[in-house]
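The values are calculated or read from the model by the stated rules, or taken from the named source; none is laboratory data. Quick caveat: nothing in here was measured; it's all calculated off a predicted structure. Because the Cβ atoms are built from the backbone with ideal geometry, glycine has one as well, and the counts that use them run over all protein chains shown.
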There are 2 protein chains.
Amino acid sequence: MTKKVTIYDLAELLKVSPATVSRSLNDHPSISEDTKKRILSAANKHGYRTNKFAANLRRQKSNTIGVIVPRLNSYFMSTVLAGIEQVANKVGYNLIISQSLESEKKEKINAKTLLNSGVDALLVSLAYETTDYEHFKKYTSRKIPLLFFDRVFDLPNCPTIVIDNRAAGYEATEHLIEQGCQNILHISGNLNRKVYKNRFKGYKAALGSNGIKFTMDNLLETDLDPKKVDDALDYIKKSKKKIDGIFVSSDNFAANLIKELKKSGFAIPEDLKVIGFNNDPVSEIISPNLTTIDYPGFKMGVLAGESIIAHLNGNINLQSTNSIVLRHELIVRESTS
Amino acid sequence: MTKKVTIYDLAELLKVSPATVSRSLNDHPSISEDTKKRILSAANKHGYRTNKFAANLRRQKSNTIGVIVPRLNSYFMSTVLAGIEQVANKVGYNLIISQSLESEKKEKINAKTLLNSGVDALLVSLAYETTDYEHFKKYTSRKIPLLFFDRVFDLPNCPTIVIDNRAAGYEATEHLIEQGCQNILHISGNLNRKVYKNRFKGYKAALGSNGIKFTMDNLLETDLDPKKVDDALDYIKKSKKKIDGIFVSSDNFAANLIKELKKSGFAIPEDLKVIGFNNDPVSEIISPNLTTIDYPGFKMGVLAGESIIAHLNGNINLQSTNSIVLRHELIVRESTS
DNA sequence: ATGAAAGCGCTAACAA
DNA sequence: TTGTTAGCGCTTTCAT
């Protein structure tokens with residue numbers, strides 16, 4: 001029954017012009033309150049829905065924001081997304097979300113699709129693999145706001161939202177040292193990504209300032225997929241010098257690792273202290289509770305959303321803000337004390 | 001530099017009509033391979049991007065699928081979404097995702113927004129609160145395919161994707177009984193939602209078939225937010241008859257509950273056996289590992305996506321399939337044996 | 001305060 | 001196989 005009703009129908013019905021209807025619907029100032037009311041109520045009554053394609057075609061904007069993330073189903077990412085969605089929705093923006101599954105190729109395809117879909121802006125957290133950034137040039141050259149969060153890359157005029165991963169890595173490592181660890185293993189994600197690179201840098205720096213020499217043996221680079229926990233376990237068992245502390249770049253991996261370590265007879269924190277990263281809920285479920293770095297995902301999402309929307313609204317304040325650094329926090333729990 | 005280039009520009013450039021360009025771009029059969037190639041390469045060279053608004057306006061379809069979920073950031077939901085995204089992306093559909101945050105009001109707003117955004121189809125998992133379904137009528141009356149998953153409601157011609165929650169609840173409960181439990185508490189989500197209602201029914205049925213009388217004391221209805229774990233703990237402690245088994249409708253809640261129970265001196269599974277629901281990764285992190293019902297979220301997402309796309313393509317096979325029931329599985333771990 | 005009219009860029013029916 | 005043409009529904013400039 002609900003046939004599609006257009007502004008022309010409404011116009012005819014009320015003996016006004018389509019322009020007047022359009023203006024009323026958009027609350028244009030130069031329309032008398034009276035006619036506005038008449039039109040609005042008629043629109044309501046007849047179930048008028050604005051056709052966004054037509055409107056978008058006309059004004060060349062879509063009121064949608066594209067998002068590309070490595071994967072949807074991680075605690076951290078879904079929390080960030082929840083934050084983005086919340087602010088976007090509040091101001092009437094839709095979110096088109098796609099996942100790269102850590103593949104550069106898929107990231108490129110997604111970027112292209114979203115461009116074609118006419119997103120007004122793009123929020124990106126990079127795939128592990130990505131080393132080429134051509135696919136984003138199309139955005140910058142068209143002045144489509146582009147913002148990176150978490151897994152970022154510095155492109156001219158593209159704000160980034162991160163935490164100070166180097167400082168966080170430093171604090172995590174120093175905490176282990178303070179707890180008496182002397183031979184600390186760092187289990188890192190892909191070092192091409194600055195997040196992990198910087199945590200690693202912080203780790204090395206902390207060793208340095210405490211007079212501990214770093215050797216490559218003390219670095220284990222993995223994709224942090226819990227399936228790889230066994231490899232890590234082997235690595236730890238086979239280590240020549242006894243490892244007494246581990247700084248893992250992911251709580252999820254750390255929790256799974258602790259589980260296996262315990263099975264293998266390691267006492268935590270007595271034999272071995274472990275610190276994770278993210279403050280994922282598992283960190284409070286695992287026994288012993290995991291010391292970690294709190295990484296404010298929801299807040300990051302909110303900020304990413306707010307920042308890009310401010311950008312879209314031409315709000316210069318945030319536009320000039322080229323990098324937002326969120327505060328992280330060391331959370332000490334049982335696994336290190 | 002990249003000005004917008006339209007099919008008209010291309011047409012002029014190659015001395016053909018816009019129609020030919022359009023057809024080539026869409027790989028229309030009645031265009032010679034030769035001109036197709038010429039046009040495609042010219043399009044590439046000049047950085048042509050199709051304007052989806054115009055195309056959508058013309059064809060009255062958007063190639064996007066709307067999704068409304070209670071929240072993005074739960075393990076289960078983000079897994080389902082990952083599944084949906086994977087299939088949608090594969091066949092060139094975009095996903096617009098929004099969250100109701102368990103609020104009926106927000107769900108209604110989202111449904112309206114997505115309708116206005118011209119989604120070709122809508123996938124929904126209902127909010128706790130929702131008891132009125134008027135907002136979906138607009139979809140059905142316009143023949144926009146609508147599919148419910150997980151938290152479903154039976155609307156005419158709307159497929160649903162679920163698991164057999166009653167059977168799962170039955171199995172979970174029977175497992176506890178087999179392990180010797182006699183006084184089993186069920187911690188349920190909002191019983192207005194069929195998922196929880198049916199698990200509860202299964203629970204009651206299992207008690208019945210095993211000659212155990214159900215009393216309302218044995219049901220605790222909550223929103224399954226881990227923050228409410230303390231209430232549950234109190235409830236258990238204050239229970240007159242000693243509770244020796246708990247069937248919780250959520251692994252996450254169960255894991256947090258176990259943690260608190262242990263703190264309060266309960267031995268699990270000796271004093272108290274616990275079974276969860278979902279097979280969330282936490283179930284293998286918590287100690288003791290949590291017995292649970294495996295709920296195939298990713299598969300559910302894939303199926304939801306495939307089903308709705310088949311629908312959109314006019315594939316009758318799936319269209320007639322009004323309800324898909326996925327297989328669940330009891331996974332026995334330490335918390336019950 | 002309101003109307004007339006010109007497109008936004010694309011697709012598809014109809015013609016050739 | 002290719003071209004002509006008429007919109008899709010909306011916004012917005014220019015008139016009135």
* Which condition breaks for B:P159 when tested against (1) at pLDDT 95 or above; (2) closer than 23 Å to B:Y128 by Cα; (3) surrounded by 20 or more Cβ atoms within 10 Å (Cβ to Cβ)? -> (1)
* Structure fact -> Within the stretch A:19-34, of all residues that are more than 7 Å from DNA strand C (Cβ to nearest atom) and assigned to a helix (DSSP H, G or I), the one farthest from the chain's Cα centre (by Cα) is A:E33
* **Of all residues in the stretch A:145-167 being under 19 Å from A:E104 (Cα atoms) and not in a loop (DSSP other than H, G, I, E, B), the one that is farthest from the chain's Cα centre (by Cα)** => A:L146
* Structure fact -> Residue set A:L114, A:L126; condition closer than 19 Å to A:A304 by Cα and not in a loop (DSSP other than H, G, I, E, B); output residue A:L114
* **Matching residues, the stretch B:106-117, being farther than 17 Å from B:N73 by Cα and within 9 Å of another protein chain (Cβ to nearest Cβ)** => B:I109, B:N110, B:K112, B:T113, B:L114, B:L115, B:N116, B:S117
* Within the stretch B:287-299, work out how many residues are part of a helix (DSSP H, G or I) and crowded, with 24+ Cβ neighbours inside 10 Å. => 1
* To do: State whether the residues of the stretch B:265-272 include one that is aliphatic (A, V, I, L, M), crowded, with 17+ Cβ neighbours inside 10 Å and in a helix (DSSP H, G or I).
  => no
* Asked: So which residues in the stretch A:211-234 are on the phi > 0 side of the Ramachandran plot and either surrounded by fewer than 12 Cβ atoms within 10 Å (Cβ to Cβ) or touching a residue at least 60 places away in the same chain (Cβ under 8 Å) (or both), if there are any at all?
  -> A:G211
* Restricting attention to the stretch A:50-73, and to residues there that are buried (at least 23 other Cβ atoms within 10 Å of the Cβ) and among the small types (G, A, S), which single residue is nearest to B:V91 (Cα to Cα)? -> A:G66
* Using beta carbons and a limit of 6 Å, which pairs, at least six apart or on different chains, have the first residue in the stretch A:117-141 and surrounded by fewer than 18 Cβ atoms within 10 Å (Cβ to Cβ) and the second one part of a loop (DSSP other than H, G, I, E, B) and β-branched (V, I, T)? -> A:S141/B:T2
* Identify the single condition in (1) on the phi > 0 side of the Ramachandran plot; (2) touching a strand residue (DSSP E or B) at 6+ places or on another chain (Cβ under 9 Å); (3) away from DNA strand D (no atom under 12 Å from the Cβ) that A:N63 does not satisfy, given that it satisfies every other one. => (3)
* To do: Mind listing whichever residues of the stretch B:96-115 are surrounded by fewer than 24 Cβ atoms within 10 Å (Cβ to Cβ), among the hydroxyl-bearing types (S, T, Y) and in contact with a Lys or Arg (Cβ under 7 Å, 6 or more places away or on another chain)?
  => none
* **Answer residue from the stretch A:1-18, given it is of a type outside the set (A, V, I, L, M) and surrounded by 15 or more Cβ atoms within 10 Å (Cβ to Cβ) and is farthest from DNA strand C (Cβ to nearest atom) among those** => A:D9
* Can you find even one residue in the stretch A:221-231 that is part of a helix (DSSP H, G or I), within 14 Å of another protein chain (Cβ to nearest Cβ), under 23 Å from the mean Cα position of the chain (by Cα) and among the acidic types (D, E)? -> no
* Structure fact -> Taking the stretch B:243-294 and keeping residues within 28 Å of the chain's Cα centre (by Cα), more than 14 Å from chain A (Cβ to nearest Cβ) and more than 21 Å from B:L220 (Cα to Cα) leaves B:D294
* Structure fact -> Of the residues in the stretch B:78-90, those that are within 24 Å of B:N116 (Cβ to Cβ) and more than 7 Å from chain A (Cβ to nearest Cβ) come to B:I84, B:A88
* **Considering residues of the stretch A:78-95 that are polar (S, T, N, Q) and in a helix (DSSP H, G or I) only, the residue surrounded by the fewest Cβ atoms within 10 Å (Cβ to Cβ)** => A:Q86
* Pick out the one residue from B:S98, B:S103 that is small (G, A, S), in contact (Cβ under 8 Å) with a residue 12 or more places away in the chain and facing chain A (nearest Cβ under 7 Å). => B:S98
* Restricting attention to the stretch B:43-60, and to residues there that are basic (K, R) and within 7 Å of chain A (Cβ to nearest Cβ), which single residue is nearest to DNA strand D (Cβ to nearest atom)? -> B:K52
* Within the stretch B:30-40, which residues are farther than 16 Å from B:A19 by Cβ and either near DNA strand D (Cβ under 9 Å from one of its atoms) or modelled with pLDDT under 90 (or both)? -> B:E33, B:D34
* **Members of the stretch B:1-18 that are part of a helix (DSSP H, G or I) and within 7 Å of DNA strand D (Cβ to nearest atom)** => B:P18
* Structure fact -> Counting only residues that are assigned to a strand (DSSP E or B) and touching a Phe, Trp or Tyr at 6+ places or on another chain (Cβ under 7 Å), the stretch B:35-77 contains a total of 2
* Asked: Within the stretch A:148-160, is even one residue touching a residue at least 12 places away in the same chain (Cβ under 8 Å) and within 13 Å of chain B (Cβ to nearest Cβ)?
  -> no
* Does B:S307 meet the test of being hydroxyl-bearing (S, T, Y), assigned to a helix (DSSP H, G or I) and modelled with pLDDT of 95 or more? -> no
* **Qualifying residue in the stretch A:63-77 (condition: within 39 Å of the chain's Cα centre (by Cα) and within 16 Å of DNA strand C (Cβ to nearest atom))** => yes
* Among (1) assigned to a helix (DSSP H, G or I); (2) surrounded by fewer than 18 Cβ atoms within 10 Å (Cβ to Cβ), the one test that A:V302 misses -> (2)
* Asked: Quick check, is A:F136 within 28 Å of A:D251 (Cα to Cα), more than 7 Å from chain B (Cβ to nearest Cβ), touching a helix residue (DSSP H, G or I) at 6+ places or on another chain (Cβ under 7 Å) and of a type in the set (F, W, Y)?
  -> no
